[in-house]
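In what follows, a structure is listed as structure tokens, so that the remarks can point back to it.
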Amino acid sequence: MSFFSLPHFPTVNTVAEHNKRDYQIAAFTFVTTTICLTMDGFAPQFMQYVLAFFGWLFLIAWLRGECKYVRTQVAVAVTFAVIGEYFASVYMKGYIYRFGNVPAYVPAGHGLVYLTAVALGRSGLFQQHARRIAVLVVAACGTWVAWGLSGLGRLDIIGAVLFVVFLGYLFKGRSPMVYLGAFFITSWLEIVGTSAGTWAWAEIDPASHLPQGNPPSGVAAWYCLVDAVAIAGAGPVLQAFTKTALVLQRQRA
């Protein structure tokens, strides 16, 4: 089996249903992400709590229409992503938010972003045109990487490294469609957030001491890691909760 055999991609002649809900979730997150991150670029800090309230409200509303497995995936993704935020931003200073904190809306935001990646990945559009979309994503991100290495803007070595990691997820990972969906939503939110001044990436990555862009061109790889953890962790977590519930029921009986 070759590296480019794409064993986890949908088959070439896949026929998939176009569920309006998948596109509604994606459209909602793209629009609200733009509004939220742009607003947080100039609004006072208390507005972050207002955004957090509505973020959780909308996330819970969307999750009501999902199965237990997807809900658990979102919960795992949010937990892992928030821990990563505090480590990478507050502790390591790899990127810094405008007020030096992790904004209150970030946990709900990560939940919506992950749910959007799942919704796009399972959508009829992505299922039927998986290989074309993959070519588009690789070409777009590859061009972004080349620009970061060209010296025409801020030097971005980290972006190139992350791009290679992203390719590994895409070609060898078990959920490539989710990773493709993650590329679109996460690249968009990174561009909007950094352009609005909501956060900024350090010129030199504090862990590797390599230069990085603002944002790094392959930044979607970090979010793919979140997706991978959510996909791998949802099953065991759901099973643990199920066993715990059974034990409690037996004790009550």
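Quick notes on this one:
- Neighbour net charge for Ala139 - beta-carbon separation under 13 angstrom, K R +1, D E -1: +2
- Probe 1.4 Å, accessible area per residue of the stretch 88-166, Å²: 41 Å²
- Positive minus negative residues near Gln212 (Lys, Arg vs Asp, Glu; Cβ under 11 Å): -2
- Counting only DSSP H runs of at least 4 residues, each contributing -39500 (n - 2.57), and dividing by the residue count of the chain, the helix-based mean residue ellipticity at 222 nm comes to -23000 deg cm²/dmol.
- Gaussian network model of the chain, springs between alpha carbon atoms under 10 Å - residue of Pro107, Pro206, Pro176 with greatest fluctuation: Pro206
- Between Val12 and Asn101, the distance separating the two model label sites (each 7 Å from Cα on the Cα→Cβ line) works out to 5.5 nm.
- Taken about its Cα centre, the chain carries a charge dipole of roughly 860 debye when the Cβ of each Lys and Arg holds +1 and the Cβ of each Asp and Glu holds -1.
- For the stretch 201-207, putting each phi into the Karplus relation 6.51 cos²θ - 1.76 cosθ + 1.60 with θ = phi - 60° gives couplings of 7, 4, 5, 10, 4, x, 7 Hz, in residue order, rounded to whole numbers and with x for Gly and Pro.
- Projecting the Cα atoms of Leu246, Val145, Leu180 onto the charge dipole of the chain (Cβ charges, centred on the Cα centre) puts Leu246 farthest toward the positive pole.
- What the Cβ-Cβ distance of Cys67 and Lys172 gives, at R0 = 30 Å and to the nearest 0.05, is a FRET efficiency of 0.70.
- The stretch 28-88 - convex hull of alpha carbons, volume per residue in Å³: 96 Å³
- In sequence order, calculated HN-Hα J values of the stretch 78-89 (Karplus, 6.51, -1.76, 1.60; Hz; x Gly/Pro): 4, 4, 5, 5, 5, 4, x, 4, 5, 6, 6, 9
- Considering only Val118, Met39, Val82, the residue lying farthest towards the positive end of the dipole of the chain is Val118, judged by Cα position with unit charges set on Cβ.
- Sites Ile60 and Lys93, calculated FRET efficiency, Cβ-Cβ separation with R0 45 Å, nearest 0.05: 0.90
The values are calculated or read from the model by the stated rules, or taken from the named source; none is laboratory data. Quick caveat: nothing in here was measured; it's all calculated off a predicted structure. Ideal geometry is used to build each Cβ from the backbone, glycine not excepted, and the neighbour counts take in all protein chains shown. Areas reflect the complete protein model, heavy atoms only, side chains present, ligands, DNA and RNA absent. Shrake-Rupley method; radii C 1.70, N 1.55, O 1.52, S 1.80 Å.
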